[in-house]
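Encoded as structure tokens, the structure appears first; notes follow it.
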Amino acid sequence: MSTSTVTPAATTTDDRTRAQLGALAVGLPLWCVASIVQAATREGFDILRHPLSLLSTGDAGWIQIANFVLAGVLTLVGASGLRGALRGTPGGVWAPRLARGAGVGLVAAGVLVMDPGANFPVGAPAELPLVSWHAIGHMVAGTVSFTSLIALCLVLGRHLTGTGQRGLAVASRVAGLGLLTGWVWAMAGGTAGTLTLAIGAIGAMVWVAVVAARLRRAV
């Protein structure tokens, strides 16, 4: 009697959690792939000088804007999946909160666009200005996203350590610290800082997606 009553509800909950984790596993890599393709094909774009966020400017900027918003929405959906999959485990409280922060930051970064500059799009000023309210908002949104992703990787590392997956825990911490290093280097004006930031962000996003996919299989 009790089994027939509980199992359908539990199955529905598990299916929902798997779908939500699938959104996280797809959304972040999708942002990475779309950004890389645009960086390789947009006229005048140079990853050694231009941040990936600058792809939101120009006639084709709507593609990167949509990319940010879609990835953010899927990350917000995925945060609920993390809450269901990690409930009662190490990191089970903060992982979904941090994923939610990353999602909000990505959506805001899409809505709040950088100012054209550094000769991109073609014909833009040589300097990279930060004068408009939306450009400043984009920087704030980026700070929220990066901080949340770094912390999320570290919290997932704690979860993986607590479940005995020490090798994966180390990889998770490396992904978080890789983004932190690339970000600090870029903010300090280091050589090819836009590239180090892109590598760090993509690495952290892909790692979170990998963990989400593993959790999805385990639900």
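Within the range 33-61, if we keep just the residues that are in contact (Cβ under 8 Å) with a residue 12 or more places away in the chain and within 16 Å of the chain's Cα centre (by Cα), the residue that is surrounded by the fewest Cβ atoms within 10 Å (Cβ to Cβ) turns out to be ILE36. From the list GLY182, GLY123, the one residue that fits, being touching a Leu at 6+ places or on another chain (Cβ under 6 Å) and either within 22 Å of LEU28 (Cβ to Cβ) or not hydroxyl-bearing (Ser, Thr, Tyr) (or both), is GLY182.
For the range 10-32, indicate whether the set of residues that are without any contact (Cβ under 8 Å) to a residue 40 or more places away in the chain, farther than 22 Å from ARG217 by Cα, part of a helix (DSSP H, G or I) and more than 12 Å from the chain's Cα centre (by Cα) is non-empty. Walk me through it before giving the result.
Keep residues of the range 10-32 that are without any contact (Cβ under 8 Å) to a residue 40 or more places away in the chain, which gives 10-12, 15.
Within this subset, residues satisfying the condition of being farther than 22 Å from ARG217 by Cα are none.
Scanning the range 10-32, I find no residue that is without any contact (Cβ under 8 Å) to a residue 40 or more places away in the chain, farther than 22 Å from ARG217 by Cα, part of a helix (DSSP H, G or I) and more than 12 Å from the chain's Cα centre (by Cα), so the answer is no.
Here is the figure for the range 62-117: residues that are free of Cβ contacts under 8 Å to residues at least 24 places away in the same chain and in a helix (DSSP H, G or I) total 4.
Condition first: closer than 30 Å to ARG87 by Cα and surrounded by 18 or more Cβ atoms within 10 Å (Cβ to Cβ). Can you find one or more residues in the range 180-191 that meet it? Yes, the range 180-191 contains a residue that is closer than 30 Å to ARG87 by Cα and surrounded by 18 or more Cβ atoms within 10 Å (Cβ to Cβ).
Going residue by residue through the range 79-90, is there one that turns out to be in contact with an Asp or Glu (Cβ under 9 Å, 6 or more places away or on another chain) and not polar (S, T, N, Q)? Within the range 79-90 (the criterion being in contact with an Asp or Glu (Cβ under 9 Å, 6 or more places away or on another chain) and not polar (S, T, N, Q)), the answer is yes, since at least one residue qualifies.
Can you pull out the residues in the range 51-61 that are assigned to a helix (DSSP H, G or I) and polar (S, T, N, Q)?
In the first step, residues of the range 51-61 are kept if they are assigned to a helix (DSSP H, G or I); the result is 52-56, 61.
Passing the criteria: SER53, SER56.
Contact map, the range 187-201: residues that are over 13 Å from SER35 (Cα atoms) and without any contact (Cβ under 8 Å) to a residue 12 or more places away in the chain paired with residues that are among the aromatic types (Phe, Trp, Tyr) and surrounded by 15 or more Cβ atoms within 10 Å (Cβ to Cβ), Cβ distance under 7 Å, separation 6+ or inter-chain. Pairs shown: GLY193/TRP185.
Name the residue that is surrounded by the most Cβ atoms within 10 Å (Cβ to Cβ), counting only residues in the range 62-98 that are under 23 Å from ILE36 (Cβ atoms) and of a type in the set (S, T, N, Q). It comes out as THR75.
Since every read-out is calculated from the coordinates, none of them should be taken as a lab result. Values in this document were obtained by computation on a predicted structure and should not be read as measured data. When we count neighbours, we look across all protein chains shown, and the Cβ atoms used for this are built from the backbone with ideal geometry, even at glycine.
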